[in-house]
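Since the structure comes first, as structure tokens, the remarks are kept for the end.
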Amino acid sequence: MNKAMQAALEVEEQEMQTNSAPFDVDRIREDFPILKQQVHGRPLVYFDSAATSQKPQAVIDAINRYYAEQNANVHRGVHYLSQLATREYEDARVKIQRFINAAESHEIIYTRGATDSINLVALSYGRKFVHEGDEIIISALEHHSNIVPWQMLCELTGARLRVIPINDAGELLMDEFAEMLNTRVKMVAVSHLSNALGTINPIKRIIELAHSRDIPVLIDGAQAAPHLKVDVRELDCDFYAFSGHKMCGPTGIGVLYGKSHWLESMPPVIGGGDMIASVSFEKTTYNVLPYKFEAGTPHIEGCVGLGAAIDYLSEIGLDRIAAYEHELLDYATEVVGAIPGVKIIGTAREKSSVLSFTLDNIHPHDVGTILDDQGIAIRAGHHCAQPVMKRFNVPATARASFAFYNTKREIDALAEGLQNVIEVLK
Ligand SMILES: Cc1ncc(COP(=O)(O)O)c(C=O)c1O
């Protein structure tokens, strides 16, 4: 056995040992300074990670270090700091590439977040490939970020928006989807994991069906990237969009993954510095990927922070995170579901990290406010998914969303908190 093979075997063995170690959530919680605080005199219970995740010290340190030791503008300088900042910026891109198993680092476009990524595709791909009479398919489970950009595109072009319906459990009706596919469809855009209900969509099957008709697929992975192992090559999706802040990274940074051949064929949507090869008043030519889509000074510290977040998550292991969070969701479904008057909204067979519910005769906003008095942070509202609320005939739900730094003790606190809500408002 040569040295390289031996080294590879040792790494694999180490990984197997790390991955088989028990999930030490108390140790992990030590990494998150914010979780140590009290809210209204009670230990903070943070169940709002679907809105934004908390940040580990490693990410906070990476951002501090960037400003204390590395700050300069990227791609423009021959000086030491500019080269250092550029290296950090590009290293983070490679980390993201590996994290989602993209074939090339230039398939990773930095954006402001999932919303920005989806808008980029709607504006750029849409401008070139979508015309009057064409169709765009989304699903009834989408966040507004994966509805409105397509709706705007349809208004602009005269294309038609079509919606895959869902059943009462919050699962896509796949037979109906298959029947919606035809030569007019120019894009299928669906979420990987629903933020409102927690449903994990069968995206591999969706991609296969769409590809059998040569239709590209965009996956909104804003909720999935922090909770499920994503392999864009295995999925074979054409675009995958996600946000840094939901996966332990900073706000204002996100990712659009796109297959090279699509990105190459799409026009830039924002013009300015860095996205050009040459500029004259007569004609401007554009830069190569990924810079063609990254006009202006980027969110450098955001990229550095996201790179650190990816290192952090990878060290724990997405498979272990997913397994632990699955346990948490099962436990929460059982204890919260057993409270009289609770109705769980979204009972798909494949679910992750989100528990949406209503309480008989109590508005979700009151649930959220009374839980907050007890130090428990949940979200109440339509979760930027008004069509989902309409489908279930509720104005809003209470939503507890979980991350790998949550515990069963905290779920017990939530159940106790909900009993208090019922006591106070009965
Ligand atoms: C499923 C889904 N898609 C898109 C978004 C938009 O993400 P961002 O606001 O980070 O752009 C969210 C945010 O909650 C989401 O849950």
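The values are calculated or read from the model by the stated rules, or taken from the named source; none is laboratory data. Here the structure is a predicted model, which means the values were calculated and not measured. Here Cβ is always computed from backbone atoms with ideal geometry, including for glycine, and neighbour counts include all displayed protein chains.
Do any strands (runs of 3 or more DSSP E) lying entirely in the range 191-306 carry at least 2 residues that are polar (S, T, N, Q), and which ones are they? Steps first, please.
On the way: elements: 217-220, 239-243, 254-258, 276-279, 284-286.
Passing ranges, in order: 284-286.
Exactly one residue among L328, L289, L256, L263 is modelled with pLDDT of 95 or more and over 25 Å from L123 (Cα atoms), and that residue is L328. Scanning the range 69-116 for residues that are among the small types (G, A, S) and at pLDDT below 95 gives a single hit, G77. Among the residues making up the range 126-145, a single one is assigned to a helix (DSSP H, G or I) and buried (at least 24 other Cβ atoms within 10 Å of the Cβ): G126.
Within the range 318-371, which residues are aromatic (F, W, Y) and touching a helix residue (DSSP H, G or I) at 6+ places or on another chain (Cβ under 6 Å)?
Y331
Only one residue in D220, D168 is within 16 Å of the ligand (Cβ to nearest atom) and under 26 Å from A396 (Cβ atoms). Which one?
Numbers: D168 fails: within 16 Å of the ligand (Cβ to nearest atom).
Criteria check complete, one pass: D220.
Just one of the listed residues (T358, T397, T369) is of a type in the set (V, I, T) and surrounded by fewer than 19 Cβ atoms within 10 Å (Cβ to Cβ), namely T369.
Listed here are the residues, each with its yes/no results for (1) among the small types (G, A, S); (2) modelled with pLDDT under 75; (3) in contact with a helix residue (DSSP H, G or I) (Cβ under 8 Å, 6 or more places away or on another chain).
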{"site": "Q14", "(1), (2), (3)": "no, yes, no"}
{"site": "I28", "(1), (2), (3)": "no, no, yes"}
{"site": "G41", "(1), (2), (3)": "yes, no, no"}
{"site": "Q54", "(1), (2), (3)": "no, no, yes"}
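Picking from A102, A114, which residue would you name as being farther than 22 Å from V185 by Cα and either within 15 Å of the ligand (Cβ to nearest atom) or within 13 Å of the chain's Cα centre (by Cα) (or both)? None of the others qualify; the one that does is A114.
If only one of P165, P149 is out of contact with any Asp or Glu (no Cβ under 8 Å at 6 or more places or on another chain) and either over 15 Å from G221 (Cβ atoms) or polar (S, T, N, Q) (or both), which one is it? Give the steps one after another, and end with the answer.
Values: P165 fails: out of contact with any Asp or Glu (no Cβ under 8 Å at 6 or more places or on another chain).
Just a single option satisfies the conditions, and that option is P149.
Here are some conditions: (1) modelled with pLDDT of 95 or more; (2) assigned to a loop (DSSP other than H, G, I, E, B). N119 meets all but one. Which one does it not meet? The one condition N119 does not meet is (2).
Going through (1) more than 19 Å from L256 (Cβ to Cβ); (2) away from the ligand (no atom under 16 Å from the Cβ) one by one, S124 falls short only on (1).
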